[in-house]
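Heads up, the thing below is written out as structure tokens.
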Amino acid sequence: MQNSLKQYPSIWIALVVSVMAMPFLPTTTEAAPAVEAPNEVDYWRDVKPVLDARCVTCHACSDAPCQLNLTSHEGVVRGANKKPVYTSARLRVEEPTRLSIDARTTEGWRAKGFFSVLAEPAPGAGGARSPSSGGGLMLGMLALKAKNRGVAAKPSLIGRGDDQKQPQNCPLPEELDTFARRFPTHGMPYGLPPIADAEFAVLANWLARGAPAREPDPLDARYQQRIDLWEGFLNGPAAKQRLMSRYLYEHLFLANLYFSELDQRQFFRVIRSRTPPGQPIDLIATRVPFNDPGVSEFWYRIEPLHATVVAKTHLPYELSDARMARFQELFLDASFEVTQLPDYSAKVASNPFIAFKEMPVDSRYRFMLDDAEYFIRGFMKGPVCRGQVAVDVIDDRYWVVFEAPEPAMGMRDSAFLAGAAATLRLPAEEAKGPLGLFSWSGYKTSQMAYLMAKQQFLEQTVTPSRSGLNRIWDGDGHNSNAALTIFRHFDNASVVRGLIGSVPKTAWVIDYSLFERIHYLLVAGFDVFGSSGHQISTRLYMDFLRMDGEFNFISMLPAEERLKVRDQWYRDAHSSVREYVYGSRIAFGRETDIAYTSDNPRLELMQKFRARLTPVLDTHHELASEPDVDLRTQLERLAAVRAKAAALMPEVAFLTILKSADGGVDAHAVYTMIHDVAHTNVASLFREKSRLVPAEDELTLARGFVAAYPNAFFRVTRDELPAFVDAVVKLASPADYLALAAKFGVGRSSVDFWAHSDAIARAFSEIEPLDAGIFDFGRLKNP
């Protein structure tokens, strides 16, 4: 027998796994997954694809249950933590626990409260795993699911708001037996079908070996050449170079950088290091990117990323020769002098209008406009990952356009913004006192002073090139970043290029100061581990930034229409809010130079935006670009759904249209159905339900994929599509929706759920090869 085991190592592995997982594995032959697997299980080749497809869908970013982040081997080894990242009861700042940043060793993570999900070596066993450990938490939870594969658990994360009401169960290794008895249906993947036997075998064999992983394959020498080039560019000694690099770092620290000349799915990040190029990176971890690095000398380095790309955090940003030339043009060739580099004191570093006052506004603004979608996406995909408070400050769908830059902005506008810096103060990096809240009225006073100063400045400096529709940036005739659509999906949000859907209720016109403040408020300056005071302060401040963008839009309407539009947007809001958006104290005195001919100037202005931006509009999400006329007709019927029927639909649903019942998912026949929830106003942090107006709800339909957190999957054939549309149009009760989902939905417990989700993932990669990432299934409903 002993010789046989040596001859057939896979049998030996199977026996070991069976013993280690004995408390949880099913006793019946039908339920027990096979544990045969390749003799040599490789993490990169065999294991990571299974984790990506079956586990990362929930276990990624700071919102991963129990902080178990499985996007990298480091995350597996780091393990889990009982302490939630998201809590409204946090009165003091927490120590951050960002993967690959806040600790770099297993010992460092254990010191931060993380416990292992792997089989730990038995004491005195020389590194051997103890069979009594049950194979560790990870194998135990997988085996628990396999044992109860026919029993569906009611998932806690199944719809809007539910994820914030259910406590997480995060058992320690010694608590696993008790957990399995109390919650037999809570195995992994939780609330989803069990993984296939072959997938279980791969993970079980790997976990039995102690979950090893070799170093990733070395990068091609061409990558190192590009890294060397960019590190040289970012670490130039001249004052201009140092100021430029600091500005770039504070705007690109979350980017998944890629070299467009090479494989665009190999991503990198820019970090600060105590060591110079050519030496191993010694990462400087700070809470936010403008914190003092704590050393007299540091370097900007480019580090390869090997973690799984997830849609909810993926922010691709191109590095190329053309990009470097653009940075050279904007920041190094521009005519200005740096008399003194900014320090890292909180007052200076947290306020870009002070820190970068010697850098021309025109350069800064054009840098952000070049990739406006990336920067606005940072607001949606930045450090938050999810959170109702973070996004309930915005409407469910609105369009964004930008004020046109002009060379004359230069130092003239820089001087104005530097002078107004005190009124442009942002919430402190760390909240002070028990809650650290500035009052809403305190923010209002500061912002009102800024708007009044801005009004006076504009009245003195507005030129013909910045009046009328010329005020709107046209993308320089080629840049599709000039027009964006933002969607809110209750506690998360999305942004895409183009003006998607019917004309929305609101629109923002973003100028440089607003753009920069959004970034430093919600991306560079937001601390997800900060106190509740910091987070609520951020939410209150964002009210004013939204209203600033809306004010810019309203000021382009005829004077007699401005109050009407404001009052429609802010029904039931306090008079002080309406006064802020457009009131006697801050009303821009100029009459618009735009000629209006209709009795609905708001609608007409948005149509004028579309006409002005048509040459650069990205239309690939628009139904009008659907080449199949018959299909487009049915989809337009769906997009016309309003009121009660729309209100009964989920926040986000992915609709796939098959040519036949046995046909596969065609990447070009996938659509996103988005429920636009209407509000009387979004000016309050509390009592959102009381401000809902279901009679005004709408559906927006987009080609391809919009959003990272689908709430439902629908699948129909071409022949079934008219019946599906009819059913949606006729929705009148929750029972009607349940019938719709039962007939056309692919729920969490569907027998072919994994096959369908795999097809969706393939379609995403085919349609958007650069933007594609793993979707988050934490909000999927089970009809």
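The values are calculated or read from the model by the stated rules, or taken from the named source; none is laboratory data. This one's a predicted model, so the numbers in the text were calculated from it and none came from an experiment. As a convention, Cβ positions derive from the backbone with ideal geometry for all residues, glycine included, and neighbour counts pool all protein chains shown. Accessible surface areas use protein heavy atoms only, side chains included; no ligands, DNA or RNA. Shrake-Rupley method; radii C 1.70, N 1.55, O 1.52, S 1.80 Å.
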Of all residues in the stretch 254-288, how many are surrounded by 16 or more Cβ atoms within 10 Å (Cβ to Cβ) and among the small types (Gly, Ala, Ser)? 3
Name every residue in the stretch 552-580 that is hydrophobic (A, V, I, L, M, F, W, C), in a helix (DSSP H, G or I) and within 25 Å of GLU516 (Cβ to Cβ), in order of residue number. PHE553, ILE554, TRP569, VAL577
Matching residues in the stretch 50-71 (over 23 Å from ASP527 (Cβ atoms) and either in a helix (DSSP H, G or I) or charged (D, E, K, R) (or both)) number 5
Can you say whether ASP476 is of a type in the set (Asp, Glu) and open to solvent by less than 10 Å² (accessible area, probe 1.4 Å), as far as the supplied structure shows? no
Just checking, how many residues over the stretch 747-757 are buried (at least 20 other Cβ atoms within 10 Å of the Cβ) and at pLDDT 95 or above? 1
Subset of the stretch 289-317 that is open to solvent by 60 Å² or more (accessible area, probe 1.4 Å) and either of a type outside the set (Gly, Ala, Ser) or touching a residue at least 24 places away in the same chain (Cβ under 8 Å) (or both) - its residue that is farthest from ALA53 (Cα to Cα): GLU297
Those residues that are among the charged types (D, E, K, R) and open to solvent by less than 20 Å² (accessible area, probe 1.4 Å), I need them from the stretch 616-657; list them, please. GLU626, GLU651
Residues in the stretch 219-235: is at least one open to solvent by 10 Å² or more (accessible area, probe 1.4 Å), part of a loop (DSSP other than H, G, I, E, B) and within 30 Å of GLU40 (Cα to Cα)? yes
Please pick out the residue among ILE760, ILE774 that is open to solvent by 20 Å² or more (accessible area, probe 1.4 Å), closer than 30 Å to LEU315 by Cα and either of a type in the set (Val, Ile, Thr) or in contact with a Leu (Cβ under 7 Å, 6 or more places away or on another chain) (or both). ILE774
Of all residues in the stretch 620-645, how many are among the small types (Gly, Ala, Ser) and either without any contact (Cβ under 8 Å) to a residue 60 or more places away in the chain or not in a helix (DSSP H, G or I) (or both)? 3
Which of the residues that make up the stretch 256-293 are under 30 Å from PHE764 (Cβ atoms), part of a loop (DSSP other than H, G, I, E, B) and among the hydrophobic types (A, V, I, L, M, F, W, C)? LEU262, PHE267
Condition check: within 30 Å of LEU262 (Cα to Cα), touching a helix residue (DSSP H, G or I) at 6+ places or on another chain (Cβ under 9 Å) and not in a loop (DSSP other than H, G, I, E, B). Does ALA695 satisfy that? no
Which is in contact with a Gly (Cβ under 6 Å, 6 or more places away or on another chain), open to solvent by less than 10 Å² (accessible area, probe 1.4 Å) and outside any loop (DSSP other than H, G, I, E, B), of GLY533, GLY549? GLY533
Condition met for LYS781 (in a helix (DSSP H, G or I) and of a type in the set (D, E, K, R)): no
Subset of the stretch 342-373 [in a helix (DSSP H, G or I) and more than 23 Å from PRO427 (Cα to Cα)]: ASP362, SER363, ARG366, PHE367, LEU369, ASP370, ALA372, GLU373
